[in-house]
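The values are calculated or read from the model by the stated rules, or taken from the named source; none is laboratory data. Here the structure is a predicted model, which is why all the values come from computation and not from measurement. Glycine gets a Cβ as well: all are built from the backbone with ideal geometry, and neighbour counts include every protein chain shown. With ligands, DNA and RNA removed, areas are computed over all heavy atoms of the protein, side chains included. Shrake-Rupley method; radii C 1.70, N 1.55, O 1.52, S 1.80 Å.
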Amino acid sequence: KLLDRYMAEAAKANLKIYLLFWESAWQEKQGKNPAPWIPARDITSDGFTAIEPPWWDQGVRKSYFDYMAHTIDHVKTSPGFGGVYAAYGSLDSEWGMPPKGSHGITGYAPVDIQEFHRWLPRTYKTLASFNKQWRTSFKKWADVPAAKPGDSLFPVYQRFRLYSVEEGFDAVSRLVRQHTNAPMLYSWGGEIYGPMGPAVQGNDPDIFFQTAKKYHVVVNLDDANMPGLALVFGSLARSYQVPLLEEWTPGHDRMSRTPQWLSHIGLAAPFAVGEDFFIYPPRPGDEGFAHGWKTYTDWHATLAKVIHGYTPEQPVAVIIPTRKIMLSGDVHAFPNLTVELGDFWRHNRVLPHFITDEQIKTGMVDLRQFRAVVDLGDEINTLSALNNYSKTHPVLRSLDQALPF
């Protein structure tokens, strides 16, 4: 009844409501969660009970998918229905954050490990090929451990965790598209390194854009106030030809950065589709959010009139080593990467193409279109296309070296 009332009131105000689905952390202390049909909990790599449900619990998954399908069907003919924010896992970071006291990562529930042992033969085909690649001598698939961060075989389990995100987003998107052709969005938040990056959480940009392209989805970039992230995601939107929405949540101490965020709108052109100005209600004695809204509307009215066309990119590529970061599991890898990218843009006002090692590996990007490539992750010997490119073109090691090109 509450959802029906929201839809009716939205329709009267000529507004559209987007359903936001995320199988997220259950906050028992609020007295509202968990839903009675999702009782299970994940386990962290150091043995703590997490606050998220296990990713691969099939009963939980069926209940969650049924809930999504019934909710969409219930409101999709309402004039107040706008679309769907789709996720499987926490909305802005797909694998959950560890609970208080844990220093591990999630994804080690028995059902997750069972699925891992089913995934191994599908991925490596034979034990002989697995043992050869990883220099091991396992006699059966069940002996392969669900390795933890720091273990020699952790990249294997991390690859499974990334596969889980990819499969989960594909399954959710397929379900939504079976029930509606309304706009669908993915929310990407965090960083491309650190505890909220792909190495731990699985919010890998290429997974988002690949799946978004397949199912005609808009990618919503949270933290779009950060120049480095805005630059990278603008390039990815153009590479994948996927629309990009740029979001920011202003705090009372960040009002001066509202113009900075708005100045990033053009970085996604011609695939920019707007902004998501995320507002929390003002708290007693703190009206910062309300002031931020006025700042936003005052600037946006001007910027919307003058921004059009394409973002001019120079014929140089900078490789963002997201795949290398996520498979290593090293949350400290490239700790200043997006800051360095933003500083380069601010100081030099030239915009290279930002591509990922995953795009090179899959052939998504043809390196021959570039005069030079900046190899920030030292991947020249692991990416064959980059190695071949280096025989006829400069492969550089720093952003500053790219300026002459």
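Given the residues Pro198, Pro155, which is the only one that is at pLDDT below 95, in a helix (DSSP H, G or I) and on the phi < 0 side of the Ramachandran plot?
Criteria check complete, one pass: Pro155.
Every residue in the stretch 158-179 that is open to solvent by 20 Å² or more (accessible area, probe 1.4 Å) and more than 17 Å from Ser328 (Cα to Cα), please.
If the condition is that a residue be open to solvent by 20 Å² or more (accessible area, probe 1.4 Å) and more than 17 Å from Ser328 (Cα to Cα), then Glu166, Glu167, Asp170, Arg174, Leu175, Arg177, Gln178, His179 are the ones that fit.
Against the condition assigned to a helix (DSSP H, G or I) and either farther than 22 Å from Leu91 by Cα or in contact with a strand residue (DSSP E or B) (Cβ under 8 Å, 6 or more places away or on another chain) (or both), how does Arg118 come out, does it pass?
Judged against the criteria, Arg118 is a match.
What's the number of the only condition in (1) modelled with pLDDT under 95; (2) surrounded by fewer than 22 Cβ atoms within 10 Å (Cβ to Cβ) that Gln210 fails to meet?
Every condition holds for Gln210 apart from (1).
Restricting attention to the stretch 34-75, and to residues there that are part of a loop (DSSP other than H, G, I, E, B) and among the acidic types (Asp, Glu), which single residue is most open to solvent (accessible area, probe 1.4 Å)?
Residue satisfying both the conditions and the ranking: Asp46.
Of all the strands (runs of 3 or more DSSP E) wholly in the stretch 298-405, which have at least 3 residues that are within 20 Å of the chain's Cα centre (by Cα)?
316-320, 353-356
Yes or no: Tyr6 in a strand (DSSP E or B), under 25 Å from Leu175 (Cα atoms) and open to solvent by 80 Å² or more (accessible area, probe 1.4 Å)?
For Tyr6, the condition - in a strand (DSSP E or B), under 25 Å from Leu175 (Cα atoms) and open to solvent by 80 Å² or more (accessible area, probe 1.4 Å) - is not met.
Scan the stretch 313-345 residue by residue and report those that are at pLDDT 90 or above and either open to solvent by 50 Å² or more (accessible area, probe 1.4 Å) or charged (D, E, K, R) (or both).
Glu313, Gln314, Val339, Glu340, Asp343, Trp345
Gly363 versus (1) over 21 Å from His264 (Cα atoms); (2) open to solvent by less than 20 Å² (accessible area, probe 1.4 Å): which is the lone unmet condition?
(2)
Just need a number here: residues in the stretch 9-33 that are part of a helix (DSSP H, G or I) and either in contact with a Gly (Cβ under 7 Å, 6 or more places away or on another chain) or at pLDDT below 95 (or both).
5
Here is a list: Gly197, Gly234. Which entry is touching a residue at least 60 places away in the same chain (Cβ under 8 Å) and over 25 Å from Asp330 (Cβ atoms)?
The conditions single out Gly234.
What number of residues within the stretch 107-142 are surrounded by 15 or more Cβ atoms within 10 Å (Cβ to Cβ), β-branched (Val, Ile, Thr) and closer than 13 Å to Tyr157 by Cβ?
Matching residues across the stretch 107-142 total 1.
Buried (at least 19 other Cβ atoms within 10 Å of the Cβ) and not in a strand (DSSP E or B), is that true of Gly101?
Criteria not met by Gly101.
May I ask you to verify whether Ser173 is among the hydroxyl-bearing types (Ser, Thr, Tyr), over 17 Å from Trp56 (Cβ atoms) and at pLDDT below 95?
no
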